[in-house]
Each structure stands twice: as structure tokens, then as C-alpha cells.
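Structure record follows, encoded as C-alpha cells.
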Ligand SMILES: Cc1ncc(C[n+]2csc(CCOP(=O)(O)OP(=O)(O)O)c2C)c(N)n1
Ligand SMILES: Cc1ncc(C[n+]2csc(CCOP(=O)(O)OP(=O)(O)O)c2C)c(N)n1
Ligand SMILES: [Mg+2]
Ligand SMILES: [Mg+2]
């Protein structure tokens, strides 16, 4: 077959880069408690360090199957989870590690699940793409695009019926805005005024394809909001403060009966789509620019500017490193699940019998 | 169970009526050839008289199964089909009789199909909801909501690839705008700049439910157009001239490479959703008002005003009556299909064998 | 005792459960004000109000997804899909999400929900509104599947389905809607996973489902006149499957027939026959025979549809011809 | 002669057909620039350009619908669904539209299209990315279904599928991607509806599909060492189904086994076993036995997945245990 032709219609890495917005410096002066900010700093680090460890374990061939990391996108999970009430609901995709950890899933159980161990949060049965921890409000990671937006509606509807003021927050990617279920979910959320917040993490790519090539509007979520009677909301998904404030507003609105929101958080993944992907279809300049907008050093600087001593931050980083090391030990030490697990929990009676 | 409660949240007939717009009198002065107008008058009558006959035959228990008539909505099919080239493609729903006839399907074969006869256009195998006549560009009537918008894209894509300048026109109802396939189809049509015209016949109801109760925006199609980078286009679906002109503009645009359009034609069905439905969930005042906006007497008057002699119109009506009578005879005289037809045309080899 | 049609039994069964459990809700297209296109939900809006009986947009994925999300957060739900053909539009939700979530989460997530839908043919609606898709659902691990054949079974199995903590697909048959019978007073609660022997017999076993049950019974009547004693089993529940009742009957008769409305290939009978020939192999006096709709889409014309779906004549003649030796 | 992997054979087979028919196009997610997530379409964009190899949005209904609309208007199409689990997202398009349209229109509409998709497990992707859904498609009248087990078969059956005037669902197996073999020079064109006897035997017949085929062959090797002569059939095409080859083999061996990756209930083997026990009843020396994945969603953990999917050991031991008498 002929050699590759350097044509941006073909080779997406040759297209003009899509660069990040500059940091909104005014965010530093937003009235957010230092405790909340430090908590967010810790979360950013937890998500980052844990994910890097997952990647290392993948390279060591201990994580089988596939993994989808959120490296670079941590501010979205961080800002939202910080704005949520413990009994609120999270719905995420296969790229759900950050969301799971941010809601309080045990890092060791999460890692053990990736390793397919019986001490995994799902006993090894779900795997990387399905992290779920109902007790923590982490209502699942869903690996087929679209469905979970509809399911999140159901949880919000249930909260509405039960009168609990709970809110469901549903995360998904830019590519997901083009699937039918997105449309059905948004419409239903609006007509029933459901307490649900839809969060599109626009990282500019659906797997290996630039989102604009396959999307009729420039902003995949925001430009669709009016089709559901909703306001277009865009937030810098690499700024934890901006995300937190936007999240809080939308969640408060939902909690107080104001109905759903659709938020587009602009962000970028540092690595490839999934484990084996080097992410080469992206212009080098684009990757560099976004790595320069990494939420973690930026937030580190902001906290310093706001007066947090460096050693406080270093302390947090070290503490998280310890957590991740312990999680790794926990995960590695777990036994592989066996026959008992195989036939467990198909049905509510705990078993798998389908005939007498 | 308790007796009915008079609450408009329950009883949709108690809701305020949604009234038609007044006739746009300026349409009379639009430069449309008299031949075209007389052709449209004939089509209106053909669709009306044929459908009434189908209804009569249903009452005589000769039409089994179900039928969905377009009584009241004839101007949409009339205007569009008149603006189409013979080799353009039509895709319709189960409410597809008017579209089929308007593209030139033989009225007798169409009626025979409703009667389940072997001289039906589908040999009796498709029935009322699936009228298709590929030779006439009538590419099918589709009975499950949504799919055919995606299929119409494919025909348009094919025309684009073959370089034939053909355009696909796809009709569907207001209720259909809430299904996932609508969203996927519109997005794909736009990004591939397909020569397809999507026509939402907004008759205010999805079956027995008012469209606004289940839709997040007031205009189910037009208010969604911007989500696909398209202009919102609304047309009086009860005015053949208005429909014709709007259709022509969109089809010309598609044919000349300008990409897809989404058009909302506002109209109303005189009868119920399908054969057995009396349509009682609609406010009486609303039904009356829309019957007063019946496209046929309106167009009759317009043609008289424009100088067509009454006897020309009466002649057309009589000619059509003859066609419908002949179609009825043809249909009634058809034999019922038998075993040969039953096993015919599952596969391209003409048969139904699936094993050796 | 009241005389109730199959159609009325649906609403009756739902109402019984909604009275029992104030949390139970239902959603679907045209189910509230209109009472459903098959009039199977008439009266429910009046009794339970618009917050528990919800009309939806034409958004089957959103409907079933909402049912799932509500069920996993403590609200039991009945979702209606107007025609069982539309199961396909939301198949991802049913087959990939609802069926698998309990297992994937190792039991964290419970899904007490029922998907009700009008199944089957005989009403001349054509290939896209007449399918028997019970086999689609039967083949997915994690779904329970029932298909009642009488008004009383509709009520009892509805109760069993609603009370079951697992997701159940509940097939109401379009051709049975007008069938009517006396139903017992008081609460009616049945059990999933139990077939019923409706007629005892000694020569052949005929297993049938839903609209095929009355046909099998009528054929058995005619066979009896010819001296062939047919045991007729209403399978009722495809998942769980009551193999014990079926195997027990076959071990007695030695001859096994299924009467299936689903198209032939991988109809539910293929599984049952495979089990029977595996586990009752040495009891069989001859091959198991599946009487099914041929492997074709269902045609619309009355004459064609009547030829396609198993008829009393076809059942009678098939058994007569093939079981002759054992009679 | 060239050495080609199964993965490479997919692109090779598609390229062969795209060179032959300049009208043939392909669409799917990440198939163009990226060469597909399984790298099964590498090189095609370069050779055939972006108008014939089209990247799409995540819109499976639109993808398969576009394939249908193009096919019915004279453009043959290959549509890729990245994972076969996603068949569910567009099941309405496949099962209700594509499968039925030729019949419903009494032959007016032809649908020369192929839906390619990566099927099966063994790669630890969990319940939503590892399913074997060949049985879903086999049960729908109007669909043809193939599942090749070798690179050469991939190419030959791809050609047969593309050239077939009916819609074909083409299952590529994820666990076979790296398998490699010499393929013949020149055009490779196979035939739908033909099973292949890969190993002759006299004691038992083992029918297997896709990734189960090499396992069945390995088990047969071990059985031979024990003195059991197993005939191994690669079913290859579920629809049309080559019952003649299977029945012929069973009439010789008297013992029949299936090895299926799909979950047990209504796996493809249920149909085959039902046919065999009906039509070769008097040739059988014992029950037919289906060796399948249990009726559970597929778990992600390596240890669990390996227990779930039939292994060489399980095949060997099952046959050894049950066919002992006839050995
Ligand atoms: C229905 C469906 N189609 C395709 C896929 C394969 N797939 C997995 S992730 C992905 C890209 C998703 O992109 P996006 O929504 O932007 O999320 P991101 O991965 O960027 O977070 C695709 C196509 C899928 N999982 N489900
Ligand atoms: C996927 C799907 N869901 C539900 C139905 C049942 N159904 C048939 S017509 C209809 C209403 C359609 O309303 P609309 O799109 O406004 O078209 P209209 O009938 O008014 O022309 C419904 C719900 C269907 N055919 N397909
Ligand atoms: Mg993305
Ligand atoms: Mg309507």
C-alpha cells in the first residue's frame, strides 16, 4: 500500500492545534475556603498519583484488559465531587477512575479491581471500566457510550420522588454528545425538571478522532443546550476553582428544584485514549500547550500565591504518595477470584441458577 | 376506580387549544405556474379521496391491521413531491400513504396493499405501514420511529458519491424529534453536508399525547436546528404554495451542494392517530379551528381567486374520484396471497432457505 | 369472582401492586391519559395520579434508562414499551446495562424493575409490530422473562414480576387481549419459574407459550378424539425455566413438541429441546419436534400471517403425523 | 504466499474487494486515520482515500442506517461496529430494518451490505466489551452471519460477504487477532453457508466457531492420544447454516458436541443440537452435549474469564468423560 500522505484530512496530527484558554486569574480571588482548596489539591494529587500508578502496573502487565486514564483531566472530577453532597449520585464512563476516587472509593479496592483481584471493589468482575461504589454515591462507570445519561435521569427522578434533595451528576465525553441517548436523556431531564447535572468533559477527541470533524457545532455540549431549553455553560475544566464554582451553582439549582444543567468543561487528556494508545494523532504543539495548562502545577502556584506554605502542599503530596503505595500493596496482595465468584450475583438470590 | 378528574394535567382535552396561524394571503401572489398549482390541487384531492376510501374500507372490515391517515396534512406531501425531481428519494413513516401517492405510487396497488392482497404494491407482505415503490423514488415507509432518518442520510450519501444530484427528503412527525436516531441523523447529515431535507410534520400530537408535554422546546424541530448548525425553518404545512416554495428552496440548496435542511411544517390531522382512535384527547375548539384551516377548501378558493374556473376544479375532483373508484375495484379484486408469497424474497435469491 | 379480559387484567395486576407498594411507579408512551394503545393501563392514572403514571416522549432509551436509574436508587418501576419490537431501540439498555449490572458490580446494584411490552402477531400489523421477541430476552444472562397466557396468570405473574428483585421482561400478547375469564377474589400472586400442566396426557408432551397455549389445548382436544393423549404445558416463564416440569412430562410421554410463535431459528424451543434431548435422551421415543413460525419476517396480509404462525390445524396435524406410532 | 495475521487479513480482505469494486465504501468510528482500534483497517485510508474510508461520529444508529440507505440505492457498504456489544445500540436498525426490508417490500429493496464487528472475549475487557453475540444475529430472519477462525477464512469470507446481495454480519474475533498463517496468492473468495471439516474423525463430532475452533482442534489432538477420534467442524457460517456437513458427520460418529463462546441459553448450538436431534435422532449414540460459556455476563478478571469461556481442558475433559463408551 502507498506510503502515508501528509494531508490534514487524513492525518489529524497535521491539523492546526486547538490551544487552551489562558488561566482566568480572577479565580484566585473567588471566595473559596482554604480547607476546600486544600482538599481539592489533595484530590488532584490522589487522582494523578493513583492513575500514574495504574499506568505503571499496566506496564508491569499486572493490569490486564484496558484502562482509560484521566491524566490531565483531574480538575473536573475534583471540582464537582467537592461541590457534591455525600449522598449525591455520580455516573461516569469507562474513564471513571478519577470520579470514583473523588467520591471516596477506596484507592486500594479500586486498584485491586484493575488487577482483577477478589479484593477489588467489584470482586474483579467489573474491571477497569465499571468502577462502582454505591455506598459512596458512585453509581457506576458505564462502558458503552450514552446509556448512563438516561440512567442518571432515573436516579434523579427517584430522588425527586423520594424527596431527598439528592442530585445526580453525570460525566461523559465530547464524543458522547453525538449519540442518540444523549438527546433522549437531555430532553427527558428538562421536561421532568430532574435534579441532574450533565457534565461534558470536552477533551477535544473521541478516541483518535478530533471532535470537530464529527460534530455539527463547535462546542459539542454547549451549542446543543438550547435544543433542550437549557443555557449553554462552558467552564475551564483545568481550573479546580472554576469547576467547583460552576458545579456548585448547577448542583444548587438542581437541588432547589431548578431542574437540569448541561455543562461543558474544556480539558485535555495528557496520554492516549486507552492503555495502548500513544495519542500520536494530536498535533505536538497542542499536546505541549495543554500540558502547560496542567491543573496541578497551576493549582499549586495558586495555593502558594494565596498563602499556603509550600510544606503544606508537599505534605499533602507525600501523604497521597503513601496512600497510593498502600493501595498498591493492597491490590497486589489480593487473591485471584475463583469459581465461587464466577457464579455469584447474577441474580438477587446471590447465585446464577436459571433453571430447576 | 374513581371517576375521571377534570384536570388538564390528566385530561389533555381540557388544555387550552393550540390554534392554527391565519392563512398567509401573500402566498396567492407568489409566482407559481398555474399548471403546478393545478397539479397540486389534483394531488390534494387524490390524497384526500383515497384516504377517505381507505377509511371506508376499514369500516367495512376490508382493511385489517392498522392504518394511519394523513387527512388534513395533505399539503405537506403535495408541496414537497411537487418540488421534487422524479429521481429524488422519499422516506416516510407508517403515516406514509400521502407521500407514496404523491410520488406516483399506483393508487390501486397502494389500496390493495392495505387490503392484504397479492396485487398490492408489496404483494400484501408489508401492509399499510410500509408502502414502498422504489421505481417511483418512494424508498419506503418505516414503522418504528427514528430509523428512517438515518437511512435517508444513507441514500443522500449514496447520491453524493454517485454524483447524481439526487436529493433525499425524509418526513416524520413532531414526536419523532425526541428519539435518539433523530439526533444522530441530523448531526451526520450536517458534518457530511448530505443532500437531504428533513421534514417534521408537526401535527401537535405524538399519538395521544400533546407534543409540548414531552418536548423541552416549543418548536420540536425548528428549535433543535441550531444544535446541528442548521437554520430554523418553519412553514405553514396547510398551505401547498408555502410548502412548495420552502421545499423548492431546501431541495435546490441540497442539490447544489449546500447540505441538509430541517423544516418544521405545522399542520394537523383531522382524525385520530390510527384507525381505531377517535382523537378525543384534543380540545374540540382546536379540532374545529384546524378543520377550518383545511388545505383543500383553502386552496380551492385560492385557485378560484387566481382565475381558475370552478369547472376545472370540479373536473379534477371528478377525475380523481374515478381514479379512486378504479383503485378500489382493483384492490378488491385482488386475490389473497398464498404460500408462494409467504416464502418469497427473504433473500436475494428469491427464497427463504437458510440451511442446506 | 370477576370476569376480566386479559387486557383488563394487566391494569388490574398493576393496580394491585401499586396499592401494595406506594413507591411503585410506571412510565411509558401514552400510558396515562390515553390508558395505553392496547388499553392495558386504563384507570391507573385516575387512581394513582400523574406522578406515578407518567407519559413519556418517544424515547425508549430514556424510558428504560430512567427505569434502571430509579430502580437502582430504591424506586421499583414498571416501564412500558408499546410494542415488543421496540425492545430493539433500547436493546443496549436492556441487554448490556440492565441485565449485567448486578453481576458486574458483584451485587452492589439491585434492579427491581419490570419491562412490560405487547408481543406477538395475529393482528396484521406487519413485520415491525408483530414480532415475538421472547427469545431475544431469554438469551441474555441476567434477565427474567415471562409470557402469560390467561388473565389470571397476567395478574399473578405481574405481581411476581414486580416483587422480584431482578429485572423482568413481561410479555403481554396482543392476540390474547380480548380473552376473558373469571378471576379469583383477593390478592393474586404467582411465582416466576413455574410452568403449568394445563392438560394431563400420556402419549405426547406439548410445550407452548402465550398465544400458542390455547391453540395447543385445542389441538390436544382434537388429538384426544383420535386417541392421542397429549399433555399440554404452558411454559409461562422462559427465565427461570421450569425444566423439571417439562422433563418430568417427557419422561412419562417419551414424545416432545414445542409450539412457538417466534421465528424458528433459536426460538425458545431450541433451548428446551436441547435440554430435553440431553437430559431425557434415553426416555425419548423419537425426535423432538418444534412447531414454529418459519424463519421469515412476519407478513402483514391476513392470509399470510395465518399461514406463518402455528395454527391449531398445524399443531394437530404435525403431532398426528409424527406421534402416530406411539398413540 | 504471504504470512498474514488475522488482524491484517481483515484489511487485506477489504482491500481486495475495494480494488475490485470501486463503488464499495466503508464507514465506522476511528477506522480511517487511526486504522481501527484493533488495527484491522490499517492502510485502507491511504489506498482508498477519505471518501471511501469514512470516520464517523459515535452514532451507531446513523452509521448502520447510512449503510442501509446507501446499499438500497446502489452503493455497497461495509459498516464497522467497533465492538460487537455495540450491535445492541443499533439493534433496531439491524434486526428491524435491515433484516426485514427485502421481505417487507417483496424484493423491491436489495441491501448489499456487511456489518463488521469485533466479537468475543479472552481479552479481559469485561461484560460490555467481550460478548459473543453471534446468536443474537443468527436468530433474526433476513440476516446472514459468519465468523471466521483463520486469516484465510477472514479474507475469503469477507469477499463472499461483500459480494453477497444480502446483509451479512461479519464477526471478527478479538482473541484471534494475532493468529497468523500463510495465505495463498491471488484473489481469495470463499462461500457463505459452508462449514469446514478441519480434522476427520470417527468417534465424535465437535462443532466449533471462531476462537473455539483452535481450542477444539487442540482438544481433539489430546483426545486422539487417548484413542478418541474426534471430527472437528468449523461451522464458519451460522446463517445460512451448513446442516448437511454437520448431519453427515454425526451420522458417521453418532456423538455430537458443540463448543460455543456465547452464553449457554440459546447459543447457536441450541439450534444445531435441535436440528441434529430431530434429523439424526436414530443415528445418535447418546445425548448431544453443548460446551459453552455459562449463562452469566462475562467477568473482567483474567482468572474468571478463563474459567468462563470454554477451555481446551474443558472440551477435552467433557468429551473424554461422556464419549468414553464409544471410544
Ligand atoms: C456506543 C459506543 N460506541 C463506541 C464506543 C467505543 N468508544 C469508547 S470510548 C470512545 C470515545 C469516547 O469519546 P468521548 O465521549 O469524547 O470520551 P473520552 O474518551 O474522550 O473521555 C469510543 C468511540 C463505545 N464504548 N460505545
Ligand atoms: C420507537 C417507536 N416508539 C414508539 C412507537 C409507537 N408510535 C407509533 S406512531 C407514534 C407517535 C408518533 O408521533 P409523531 O412523530 O408526531 O408522528 P405522527 O403520528 O403524529 O405523524 C408512536 C409513539 C413507534 N412506532 N416506534
Ligand atoms: Mg473526548
Ligand atoms: Mg405528530
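With respect to being part of a helix (DSSP H, G or I), away from chain C (no Cβ under 14 Å), farther than 22 Å from residue A:32 by Cβ and modelled with pLDDT of 95 or more, residue A:322 fits the description. Residues that are assigned to a loop (DSSP other than H, G, I, E, B) and either more than 14 Å from chain C (Cβ to nearest Cβ) or more than 16 Å from ligand 4 (Cβ to nearest atom) (or both) within the stretch B:220-236 comprise B:229, B:230, B:231, B:232, listed in sequence order. Being at positive phi, in contact with a helix residue (DSSP H, G or I) (Cβ under 9 Å, 6 or more places away or on another chain) and away from chain B (no Cβ under 14 Å), is that true of even one residue in the stretch D:98-120? Yes, some residue in the stretch D:98-120 is at positive phi, in contact with a helix residue (DSSP H, G or I) (Cβ under 9 Å, 6 or more places away or on another chain) and away from chain B (no Cβ under 14 Å). Residue count for the stretch A:280-311 under the criterion of being closer than 30 Å to residue A:112 by Cα, out of contact with any helix residue (DSSP H, G or I) (no Cβ under 7 Å at 6 or more places or on another chain) and in contact (Cβ under 8 Å) with a residue 40 or more places away in the chain: the result is 2. Within the stretch A:213-241, restricting attention to residues that are surrounded by fewer than 22 Cβ atoms within 10 Å (Cβ to Cβ) and under 21 Å from residue A:168 (Cα atoms), the residue that is nearest to ligand 2 (Cβ to nearest atom) is A:229. Of all the listed residues (C:182, C:218, C:231, C:187), the sole one being out of contact with any helix residue (DSSP H, G or I) (no Cβ under 7 Å at 6 or more places or on another chain) and touching a residue at least 12 places away in the same chain (Cβ under 8 Å) is C:182. Within the stretch A:177-199, the presence of a residue that is on the phi < 0 side of the Ramachandran plot, within 12 Å of ligand 3 (Cβ to nearest atom) and more than 9 Å from chain B (Cβ to nearest Cβ) is excluded. Criterion applied to C:155, C:183 was being away from ligand 4 (no atom under 16 Å from the Cβ), surrounded by fewer than 24 Cβ atoms within 10 Å (Cβ to Cβ) and under 18 Å from residue C:40 (Cα atoms), and the one residue passing it is C:183.
Yes or no: residue D:310 within 14 Å of chain A (Cβ to nearest Cβ), within 18 Å of the chain's Cα centre (by Cα) and touching a residue at least 40 places away in the same chain (Cβ under 8 Å)? For residue D:310, the condition - within 14 Å of chain A (Cβ to nearest Cβ), within 18 Å of the chain's Cα centre (by Cα) and touching a residue at least 40 places away in the same chain (Cβ under 8 Å) - is met.
Set side by side, the residues D:265, D:250 differ, and just one is more than 14 Å from chain A (Cβ to nearest Cβ), at pLDDT 95 or above and touching a helix residue (DSSP H, G or I) at 6+ places or on another chain (Cβ under 7 Å), which is D:250. None of C:18, C:82, C:26, C:72 is within 27 Å of residue C:150 (Cα to Cα) and over 21 Å from the mean Cα position of the chain (by Cα) except C:18. Here residue D:69 fulfils each of the conditions (1) in contact (Cβ under 8 Å) with a residue 12 or more places away in the chain; (2) within 9 Å of another protein chain (Cβ to nearest Cβ); (3) more than 23 Å from residue D:233 (Cβ to Cβ) apart from (1). Restricting attention to the stretch B:325-343, the residues that are part of a loop (DSSP other than H, G, I, E, B), within 11 Å of chain D (Cβ to nearest Cβ) and more than 25 Å from residue D:268 (Cα to Cα) total 1.
Condition test on residue A:80, is it more than 14 Å from chain D (Cβ to nearest Cβ), within 16 Å of ligand 1 (Cβ to nearest atom) and farther than 30 Å from residue A:308 by Cβ? Judged against the criteria, residue A:80 is not a match.
From the list A:217, A:243, which residue is away from ligand 4 (no atom under 16 Å from the Cβ) and either assigned to a strand (DSSP E or B) or within 19 Å of the chain's Cα centre (by Cα) (or both)?
A:243
Quick grid of which residues meet (1) more than 14 Å from chain C (Cβ to nearest Cβ); (2) touching a strand residue (DSSP E or B) at 6+ places or on another chain (Cβ under 9 Å); (3) surrounded by fewer than 20 Cβ atoms within 10 Å (Cβ to Cβ):
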residue: B:11; (1), (2), (3): no, no, yes
residue: B:14; (1), (2), (3): no, no, yes
residue: B:27; (1), (2), (3): yes, yes, yes
residue: B:30; (1), (2), (3): yes, no, yes
residue: B:42; (1), (2), (3): yes, no, yes
residue: B:46; (1), (2), (3): yes, no, no
residue: B:52; (1), (2), (3): yes, no, yes
residue: B:60; (1), (2), (3): yes, no, yes
residue: B:68; (1), (2), (3): no, yes, no
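Is at least one residue of the stretch A:197-212 within 16 Å of ligand 1 (Cβ to nearest atom), over 20 Å from the mean Cα position of the chain (by Cα) and surrounded by fewer than 18 Cβ atoms within 10 Å (Cβ to Cβ)? Within the stretch A:197-212, one or more residues are within 16 Å of ligand 1 (Cβ to nearest atom), over 20 Å from the mean Cα position of the chain (by Cα) and surrounded by fewer than 18 Cβ atoms within 10 Å (Cβ to Cβ). Across the stretch A:184-199, the qualifying residues are those that are touching a helix residue (DSSP H, G or I) at 6+ places or on another chain (Cβ under 6 Å) and in contact (Cβ under 8 Å) with a residue 40 or more places away in the chain, and the one among them that is nearest to ligand 2 (Cβ to nearest atom) is A:187.
Of all residues in the stretch A:266-278, exactly one satisfies the criterion of being without any contact (Cβ under 8 Å) to a residue 12 or more places away in the chain and within 11 Å of ligand 1 (Cβ to nearest atom), namely A:272. Working carefully through the options A:211, A:233, find the one that is within 11 Å of ligand 3 (Cβ to nearest atom) and free of Cβ contacts under 8 Å to residues at least 40 places away in the same chain. None of the other options fit; the residue is A:211.
For the structure I just gave you, tell me whether residue C:41 is under 17 Å from residue D:85 (Cβ atoms), assigned by TED's automatic domain parsing to the domain that holds residue C:147 and either in contact (Cβ under 8 Å) with a residue 60 or more places away in the chain or touching a helix residue (DSSP H, G or I) at 6+ places or on another chain (Cβ under 8 Å) (or both). No; evaluated as a whole, the condition is false for this residue.
The values are calculated or read from the model by the stated rules, or taken from the named source; none is laboratory data. Owing to the predicted nature of the structure, the values given are computational and were not obtained by experimental measurement. Glycine gets a Cβ as well: all are built from the backbone with ideal geometry, and neighbour counts include every protein chain shown.
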